[in-house]
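The values are calculated or read from the model by the stated rules, or taken from the named source; none is laboratory data. These numbers come from a predicted model, not from an experiment. Note that each Cβ is placed from the backbone with ideal geometry, even for glycine, and that neighbours are counted across all protein chains shown.
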Amino acid sequence: MKITELPISESVKEVLVKSGIVELYPPQDEAIKAGALEKRNLVLASPTASGKTLVAELCALKHILEEDGKVLYLTPLRALANEKYEEFKKYSVIIKPDGKRVNVGISTGDYDSSDPWLERYDIIVATNEKVDSLLRHKAKWLDEVSLVVADEVHLLNEVERGPTLEVVLARLMQTNPEIQILALSATINNVEEVASWLNAGYVTTEWRPIVLREGVMLYNEIQFKDGETRKIEKEAKNPAINLALHTVKTGGQALIFAATRKSAVALAKKTAKKIEEALSKPAKRALMREAERVLSAGEKTRISELLAELVKRGVAFHHAGLGGEHRKIVEDAFREGKIKVLTATPTLAFGVNLPARTVIIYDYRRYEPGYGYYPISVLEYKQMCGRAGRPKYDRIGEAVIVARTAEEADYLMESYVLAKPERIWSRLAVERVLRSHVLATIAADYAHTEAGIYEFFGKTFYAHQYDVAAIRGMIAKILKFLYDEEMIDVSGVNIYATRFGKRVSELYIDPVSAVIIRNALRQKPPLLTDFSLLHMVCHTPDMGPILRPYTSELDTMAVYLEERRDEFMVPVPDEWENRIAYEQFLGEVKTAMVLKAWIEEASEDEIIEKFRVQPGDLYRTIESARWLLYATRELAVLFGNKQIPLLASELMERVEKGVKTELLPIVRLEGVGRVRGRILYNAGYKTIEDLKHVPIEDLMSLPLIGPKLARKIKEQVGGFVKKEEWEKIEKEEWKQKALTEY
């Protein structure tokens, strides 16, 4: 079907045709025929790059322009939310019947707000967790949502993210039975079952715009699924590098999936030696600029220096250990074709869209700390394969999995290449996961009786697959825990949340974390310090994976623990009675030590070297700590604690900025981070008043400040600058810009 034949607004057709889309792909055509534009619920299960997002865009604009509706687009990751937000923004040129333009908004953070400002947007892109939080806060504008798009719905199968998506969809169907649900997914085995739960039709297809060839590589020879074989020239010992090099020499890009971060970095280093030789001079010049961007983004560390060095040679690595700014530079440079080979951990397969002509799966096992190595699922393998083939650039995409022995090659062909993805199963029936959702059901007034709670959970995918009776016992156990911990109360058959329970649900923390914080607030330590609060938040399950000490660090951590014994707000386990709990506690101590070093202004490099922690892990820990300190402050206020709120507020800001207390007024200025803040302070500009009166030339002369930032600082502090000084600065800025572009 041609775009011009669609039953949609002419202004939408115009935007699509201008962007080069004139005809629907077969899966899009099938989705339209299945009633996607007629407000019917639909599960669209098709491979990556088969055009699922366009179906969502068409449905969204139909609701906005013809039904005066509002659209909620759910994604599992912030990076994916940002990507979709950028895609939807192209429709902001369209005028609605009320004369206003189509408005696109995004919300992925701050879980303690109903975000009333989102009401003015027509399309809201948000993470599953953010929408769960909005439902707990009873955001009024959610009543106006007429279409929900659930992206990557196969992640229902994922232990960490699946249950939140499941509860969000069940809750939206409960509160608005008329809402249209469009679920987008990679090909899944039991699509009928997922569709039945959502009361939806379904379209499932293997069609993709670029032919996908899957195969197994053994000793530099690829055996493809269709029986064809191909030999790759051997230029290195590693067959994955040889295949990547072959791809680059024939004008393509390669994406190599490795099992661990360490393996991804090692592969990138080895690959760079060969790829550099195949680059043209213009390509090297473009890469030099990207390498400079890496070095100027954030603090200079060994990780950033290594990444910049590899980028110069046309290669990069991508994993959760990279900071956000560096990840974005790598992703953009790969999309633009500048970086030729990207090595990544499997998490990238579920994240942003980074297609490559050749996908190489170097290891079919995944490493999880505490669990060791285990084989990936077929679904995960197929997700990786889906990245093969760049639309508009490649006719064929190839996905190759590397075998070490002939026996393993047979196993990989049988178990992955020729296999079908597994069935999707609900992961809701885990007490740790269910606890928060049971409390939210009561606290946000979605159910007031035990029968009402069972009725809601009877609408979940879990109940659809099994039976709500299967988790009744677990729900009853959770209700007893919530009652014993004074988060809920009972009056006859009615159940209601206490002030404590309601606040815990709104703060979006695990009830167990809340109990730990409450009990810690009641047991004031002999010596209350920054470290007391930092360790206490590290002791909660919401901190996520703690930074476990290496064997060589255990003694250092144990000595530190003894030195700080008077500062702990929670009981210290006995080393000899429970060794496992004691070592877990030492991990919490290490995590708190890392946070303490961060707020004392230790550089990233110092922290990486001293604690052997990666930037990505550091930022995750900082983000979790900031939120838990906020929750601590709020609960302290609730319980009438006078001392903790002030300490938690200041500490929360110091953790966010990574500074000592004295720098807080300065680093609140936009563009002034911890490093520049320290430069300003040490130069004698310790207050906003100091910055207001300093001559702008003095600011410009400081390291890492320059004319642009000096001007920005002056604008923010309200300092007076003469007209001729501004003109001088503008000339300086222009000169710098010209030099950069040259």
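The residues on offer are ALA258, ALA244, ALA264, ALA283, and the sole one that is modelled with pLDDT of 95 or more, in the same structural domain as PRO346 (by TED's automatic domain parsing) and either crowded, with 22+ Cβ neighbours inside 10 Å or closer than 22 Å to LEU354 by Cβ (or both) is ALA244.
Here is a yes/no grid of residues against (1) in a helix (DSSP H, G or I); (2) under 14 Å from PRO511 (Cβ atoms); (3) aliphatic (A, V, I, L, M):
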position: HIS437; (1), (2), (3): yes, yes, no
position: ILE442; (1), (2), (3): yes, yes, yes
position: TYR446; (1), (2), (3): no, no, no
position: ILE453; (1), (2), (3): yes, no, yes
position: LYS459; (1), (2), (3): no, no, no
position: ASP467; (1), (2), (3): no, no, no
position: GLY473; (1), (2), (3): yes, no, no
position: LYS480; (1), (2), (3): yes, yes, no
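When LEU147, LEU156 are screened for being in contact with a helix residue (DSSP H, G or I) (Cβ under 8 Å, 6 or more places away or on another chain), farther than 30 Å from LEU628 by Cβ and either at pLDDT 95 or above or surrounded by 23 or more Cβ atoms within 10 Å (Cβ to Cβ) (or both), only LEU147 passes. Counting the residues of region 635-652 that are surrounded by fewer than 18 Cβ atoms within 10 Å (Cβ to Cβ) and part of a helix (DSSP H, G or I) gives 6. Beta carbons closer than 8 Å, at least 6 apart along the sequence or on distinct chains, pair a first residue in region 481-500 that is without any contact (Cβ under 8 Å) to a residue 12 or more places away in the chain with a second that is among the β-branched types (Val, Ile, Thr) and in a strand (DSSP E or B) for TYR483/VAL490; ASP489/ILE495.
Restricting attention to region 10-26, the residues being surrounded by fewer than 19 Cβ atoms within 10 Å (Cβ to Cβ) and assigned to a loop (DSSP other than H, G, I, E, B) number 4.
Scanning region 172-216 for residues that are among the β-branched types (Val, Ile, Thr), closer than 18 Å to ASP132 by Cα and either surrounded by fewer than 17 Cβ atoms within 10 Å (Cβ to Cβ) or at pLDDT below 90 (or both) yields a single hit, THR175.
Looking across VAL512, VAL589, one residue alone is part of a helix (DSSP H, G or I), β-branched (Val, Ile, Thr) and touching an Asp or Glu at 6+ places or on another chain (Cβ under 9 Å). It is VAL512.
Of the residues examined, THR540 is one that is in contact with an Asp or Glu (Cβ under 8 Å, 6 or more places away or on another chain), under 20 Å from LEU647 (Cα atoms) and assigned by TED's automatic domain parsing to the domain that holds ARG626. Scanning region 190-238 for residues that are within 35 Å of the chain's Cα centre (by Cα) and under 21 Å from TYR411 (Cα atoms) yields LEU212, ARG213, GLU214, GLY215, VAL216, MET217, LEU218, ILE222, PHE224, LYS225, ASN238. For region 540-556, a residue qualifies if it is farther than 15 Å from TRP627 by Cβ and in a loop (DSSP other than H, G, I, E, B), and the qualifying residues are PRO545, ILE546, LEU547, ARG548, PRO549, TYR550.
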